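The values are calculated or read from the model by the stated rules, or taken from the named source; none is laboratory data. As the structure is a prediction and not an experimental result, all values here were calculated from the model. All Cβ positions, even for glycine, are placed from backbone atoms using ideal geometry, and neighbour counts span all protein chains on display. Heavy atoms of the whole protein, side chains included, go into the accessibility calculation; ligands, DNA and RNA do not. Shrake-Rupley method; radii C 1.70, N 1.55, O 1.52, S 1.80 Å.
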Amino acid sequence: MRFLYPQMLWGLLALLIPIIIHLFNFRRHKLVYFSNTAVLRSIQQENAKTRKLKYLVTLLLRCLFIAALVLAFAFPYRPEKQLNVNAENALVGIYIDNSMSMKGQSQRTTLIEDARQSARDLVHKLNPSNRYLLMTNSFEIQNEYPMNQEEMLDQLDRMNPDGSPVLMGEVIDRFEMLCKQHGFANSTLFVYSDFQSNTFDLSAAKADTALQVVMVPMLPEFKTNLYIDSVWLASPIVQSGLTNELMVRVVNQGDKEVKGMPINFTMNNVMAASTTVDLEKNGTAEVEMQFVVEDSGEQRCSASLTDHPITFDDSYHFVLSVKPSLSVIELGNQPSSCAMLFDDEQFHYSLMEPSHFDLTTIAQAQLLIVNESAVMNETLQQTLLNAVSEGASLVVFPSMDDPKNNRYLYNKLGLTLMEVDTNATSVEDLALQHAFFNDMILDLPQHPDFPKVKRHVRLKTNGLATSLLTLQNSDPMLMMTSVGKGQAFVMATALDPKWSDLADNALFVPMMVKMAFMGGKMDKLAYTIGQDKILVLSDISQEGDRQYLFANSDRSFELMPASEVRNGKVYLYLNDNLPSAGFYDLLINDTLNRVTAWNESRVESKMDFVDSEEANKAFGKAGFDVAAVLDTSDFATADLVEAMAHQSTQWKLFALIALLALIGEIAVLRFWK
């Protein structure tokens, strides 16, 4: 045991005071005259022994009170918790959590600025010969080498305050790796963090006995937050002049109810729609806003609210890609009735022979039609399935030459081709309760004119496909099945008049148009900084050399990602995080290819923190040596020895002993007769 203020031990000389008083009282004699003392001699002797014992107990209690009080003021602490910051071959690491939640309000400024200033005070007070590492969520290479005091202070000033959330275990594991890489036998890591529950995970770290951890919890002044969690569209197709609906999910991370919070939707910095929302405490609400896009192309959009002091999640940026027309590709040796149907400015129709198919063109299509004249190899059939899995719609009509052609495609869709039924029949039932028909047919007439069928292929399903049209003999005529992000439709009859009158029926046009609109293949609305590290582009031509570049609108930031071509797609690898949320242009050979929207992760938006006691236990359970749990002010007002000593509670024990001694003395004097 050591003492923080050993000079206070001179107070033990005060023990002489009760001893001197005690000895002085024993030398004093009081003369009492009494006529006959013989009767009282035995009683007097007995009282003298009791009185001496009482005085001795009182003396001991007084000495114990003074000694315990002096020791408490000397502030005893355990020396085994001394830090290794000044030991030989030791490294001092400072981890500052620079995620967005650290921009919350503190009692003075913000948590991130408090952590920065406290780290500066710490470096100033340590030995100038120490070596340092600065760790942040950004894992910046320029900080991860042993620095001297001056370099460390400079890097603290230059530290990027905008970082993505990172698991605590990953930070510690990286620090331990750097310690071993640079040959340091001992290390101490000061952890400045608000210890958010979502990121306080030590499973990735391996405890090292040579590592000491000093926790410096950063406590936010406010633990409430309103934020926009996500947005999505009611319809995947966005076309100019057509009404669409934007859905916005808003979250209240607070203990107070919110009424009438304005939600704004802007498109190209112009207000497109607005509404208000009421939120229960710790509740979630979804609001709906209708909008119309006037122009084609990529629209830079944002849904936003106003909330303080945490503002990084108040806006959600996204891009609406408005295509001037939908791409429809019909595969076959000759066009079918679909060619006339899609001969409209709203669609871009093209006929492609199966023997000369183009991967890039197929990948960009919204609707793929396999007509009755198409005979495809397995490669093309798998290509169609890949396109559907990415969001396209596929319509398959049976081959007139051999209905069992394209069997590979049917099998992958969970269907088995049976025999051809040549009995004349007609459609008897529509699955009106299915979402496919909910905005197509409002009401059926009493005697509807359903398609007449002369020949059809009998289809057997494995149970995954849904029948939308059913014939009178209970055979399905139109089946629908999901493949990844898209939908595949399989017709049991062909469009040729020898098979059916489907092409002339009133159902044909709305059904085919609905299939085209369902295959919107909408581009991803937005990406998340720090999470989306790989971008997959399936609509880029592979011919010639390509140079890719990410840049913001004013070109103050540029990033050249690594690229790879695999399975007809381009993979872009973002090894470095983008500096902030917003819109970034993707340029190919200095030509704008598309606009992308990026948002901060909403992991940091939840106001749920691990308190210092729970964090201390978690570190200990994971095998780490937690030397202390300090406050940021400790480094500004005291040296490390004082800060460590203040973690000890032994002074409380001596204060309690002094209090008990005082109570004991009072009891002896009051009740010992």
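Counted residue by residue at 0.36 nm each, then reduced by the alpha carbon distance between them, the extension gain from Asp608 to Met560 reaches 13.6 nm. Taking the inverse of the average 1/r across all pairs of different Cα atoms in the range 391-462, what Kirkwood radius in Å do you get? After inverting the mean inverse Cα-Cα distance, the result is 14.7 Å.
Across the alpha-carbon set of the chain, the Rg to Rh ratio works out to 1.24, Rh being the Kirkwood radius. Using only Cα atoms, tell me the angle between helix 168-181 and the longest principal axis of the chain; keep it within 0 to 90° and round to the nearest 10. Result, in degrees: 80. First select every other residue whose beta carbon is under 14 angstrom from the beta carbon of Leu559; then total the charges, Lys and Arg +1, Asp and Glu -1. Summing Lys/Arg as +1 and Asp/Glu as -1 gives -2. Here the simple spin-label model places points 7 Å from the Cα toward Cβ, and for Ala551 and Glu257 these points are separated by 5.3 nm. Across the chain, Cα pairs under 8 Å and at least six residues apart give a relative contact order of 16 percent. Rounded to the nearest 500, the helix-only mean residue ellipticity at 222 nm of the chain stands at -7500 deg cm²/dmol, with each DSSP H run of n ≥ 4 adding -39,500 (n - 2.57).
With R₀ set to 56 Å, the beta-carbon distance separating Glu150 from Gln346 gives a calculated FRET efficiency near 0.25. Projecting each Cα onto the charge dipole of the range 282-362 (Lys/Arg +1, Asp/Glu -1 at the beta carbon, about the Cα centre), which of Ala285, Phe357, Leu331 comes out farthest on the positive side? The residue sitting farthest along the positive end of the dipole is Phe357.
Longest stretch of the chain clear of exposed loop sites (GluC sites (Glu not before Pro), DSSP loop, at most 15 other Cβ atoms within 10 Å, sites excluded): 346-542. The three principal axes of the Cα atoms in the range 196-253 give end-to-end lengths of 66, 30, 14 Å, sorted in falling order. If a spin label sat at a point 7 angstrom from the Cα of Ser274 along the line to its beta carbon, the backbone N atoms of the range 314-352 nearer than 19 Å would be those of 314-317.
In whole Å, what is the distance between the alpha-carbon centres of the range 138-188 and the range 340-397? Going from one Cα centre to the other spans 53 Å.
Within the accessible surface of the range 314-410, defined with a 1.4 Å probe on protein heavy atoms only, the carbon and sulfur portion equals 45 percent. Surface analysis of the chain yields an accessible area of 51 Å² per residue, using protein heavy atoms and a 1.4 Å probe. Could you give the angle, 0 to 90 degrees to the nearest 10, between helix 378-389's Cα long axis and the longest principal axis of the Cα atoms of the chain? Roughly 50 degrees, rounded to the nearest 10. What relative contact order, as a whole-number percentage, does the range 496-619 give when Cα pairs under 8 Å and 6 or more residues apart are counted? Once normalised by length, the contact order is 25 percent.
With both residues required to sit in the chain, DSSP beta bridges show an antiparallel share near 65%.
Whole Å is fine, so just give me how far the alpha carbon centre of the range 605-633 lies from that of the range 122-136. One Cα centre to the other: 21 Å. Rounded to the nearest 20 debye, the dipole magnitude of the chain is 5620 debye, with +1 charges on Lys and Arg beta carbons, -1 on Asp and Glu beta carbons, and the Cα centre as origin. Residue separation of His434 and Asn462 scaled by 0.36 nm, minus their Cα-Cα distance, works out to 8.1 nm of gained length.
For the chain, the longest principal axis of the alpha carbon atoms and the long axis of helix 612-621 meet at an angle near 80°. Charge dipole (Cα centre; +1 on Lys/Arg Cβ, -1 on Asp/Glu Cβ; no other charges) of the range 114-219 amounts to roughly 260 debye. Taking a quarter of the surface of the Cα convex hull of the range 553-593 gives a mean projected area of 3.6 nm². Taking all protein chains together and a 1.4 Å probe, the residues Arg158, Arg546, Arg407 rank Arg158, Arg407, Arg546 from largest to smallest accessible area. Entry for the range 491-602 at q = 0.18, 0.24 Å⁻¹: log10 I(q)/I(0) = -0.90, -1.43, Debye formula applied to identical alpha-carbon scatterers, no solvent contribution. Fully extending the segment from Ala210 to Gln446 would add 76.5 nm, taking 0.36 nm per residue of separation and subtracting the current Cα-Cα distance. Alpha-carbon geometry of the range 175-280: the Rg and the Dmax are 23.2, 68 Å, given in that order. The order of His317, His456, His447 by accessible area, most exposed first and with a 1.4 Å probe, is His447, His317, His456. Solvent-accessible area of Val536, all protein chains in place: 80 Å² (probe radius 1.4 Å, heavy atoms, ligands and nucleic acids excluded).
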